[in-house]
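K.L.:
First the structure, then my questions, so here it is.
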Amino acid sequence: MSRTSPRARTHAEAFSPGGVGNIAVGFDLLGHTIDGPGDRAIVHRVATPGVRINAIRGDAHGASSLPLEAARNTAGRALQSLLEATGASHGFELELHKGIALGSGLGGSAASAVAAVVAGNALLDTPLPRLQLYPHALAGEAVATDSVQGDNVGPMLIGGIALATPDRLLQLDAPAIWCAVVHPDFVLETRQARAVLSEPYPLAQVVRHGTHLALFLTGLARGDLELIGAGLQDVLVEPRRAALVPGFAGVKAAAMDHRALGASLSGAGPSVFGWFATRADAQAALVAMRAAFADAGLDSRGWVGPVNGPRAELLGD
């Protein structure tokens, strides 16, 4: 039996993994995916133009509070952007299944946008290449962040580690490094986390940040763990956000005590990640990091997976 051609499809379903935005040293610029929670989007192609969100499901925190109005929803806006750019005369109906909690620092708003646009693209008469979906995913993410940044949507679209600017998306090579991510039972809204960054930074601090970023990127390119660890330090954002996350200092210390190359907030927080040379180190650190959050009075969940994580994909394809 031959496979259904994209042109003949009437519906498609896609899953997007969550991710670690910023990777400590690459604020609004770098990110990677994780083999853990994610969002699913089921999109139907309909004759009526426009985008309608029929339902938002899932037990992830905050799912029930998300707007059904397409223009105010990251997934809905991403689909609107896709239709507008391609001049399609048909429309989309969307059902969203949230597996990533709001305000978790794991890229939930981005995962919804990416899952939706990957599914919607499969229903176009002429589907776009994956990289051409980037501006539409960015348009969706901007609904949640009030800014244009690709550190979450970029890696979710192409997998692994991404360097994502407003107009470029590049996949970065990396050695076989492992990541441990812990999400505490605590909500930190992205807008609140960004508000503490409004004051200007001294030039010397910016230069230190640039030094770390250069070391980190060079370490990735060379597969040099020592250089990666030397660069994996956030001297700009983490110092201002750390106080917003109960127990952060203890959780980071637990990661570093278990041979982390570096550890910091995932995205805007409150989730915390660490990079490790081996899976065994990452798994041992995960236990210690969760214990540190427990000491701060917070339950948590955690995941271990390769830094070169999965990308968003169609399901049942």
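The values are calculated or read from the model by the stated rules, or taken from the named source; none is laboratory data. Owing to the predicted nature of the structure, the values given are computational and were not obtained by experimental measurement. A quick note on method: Cβ atoms are made from the backbone with ideal geometry, for glycine too, and the neighbour counts reach across all protein chains shown.
K.L.:
Consider residue 143 carefully, then state whether it is over 20 Å from residue 311 (Cα atoms) and either in contact (Cβ under 8 Å) with a residue 12 or more places away in the chain or outside any helix (DSSP H, G or I) (or both). So that I can check it myself, show each step before the final result.
P.N.:
On the way: over 20 Å from residue 311 (Cα atoms): yes; either in contact (Cβ under 8 Å) with a residue 12 or more places away in the chain or outside any helix (DSSP H, G or I) (or both): yes.
It is true that residue 143 is over 20 Å from residue 311 (Cα atoms) and either in contact (Cβ under 8 Å) with a residue 12 or more places away in the chain or outside any helix (DSSP H, G or I) (or both).
K.L.:
On the given criteria, is residue 45 assigned to a strand (DSSP E or B), touching a residue at least 60 places away in the same chain (Cβ under 8 Å) and over 21 Å from the mean Cα position of the chain (by Cα)?
P.N.:
It is true that residue 45 is assigned to a strand (DSSP E or B), touching a residue at least 60 places away in the same chain (Cβ under 8 Å) and over 21 Å from the mean Cα position of the chain (by Cα).
K.L.:
Can you name every residue in segment 182-205 that is under 25 Å from residue 274 (Cβ atoms) and not in a loop (DSSP other than H, G, I, E, B)?
P.N.:
Those that are under 25 Å from residue 274 (Cβ atoms) and not in a loop (DSSP other than H, G, I, E, B): 182, 183, 184, 190, 192, 193, 194, 205.
K.L.:
Within the group 136, 61, which residue is in the same structural domain as residue 157 (by TED's automatic domain parsing) and in a helix (DSSP H, G or I)?
P.N.:
Working: 61 fails: in a helix (DSSP H, G or I).
Matching residue, one of 136, 61: 136.
K.L.:
Sticking with this structure for a sec: Answer with yes or no whether residue 290 is under 23 Å from residue 145 (Cα atoms), part of a helix (DSSP H, G or I) and touching a residue at least 12 places away in the same chain (Cβ under 8 Å).
P.N.:
no
K.L.:
Can you pull out every residue in segment 237-260 that is closer than 18 Å to residue 191 by Cβ and outside any helix (DSSP H, G or I)?
P.N.:
Passing the criteria: 237, 245.
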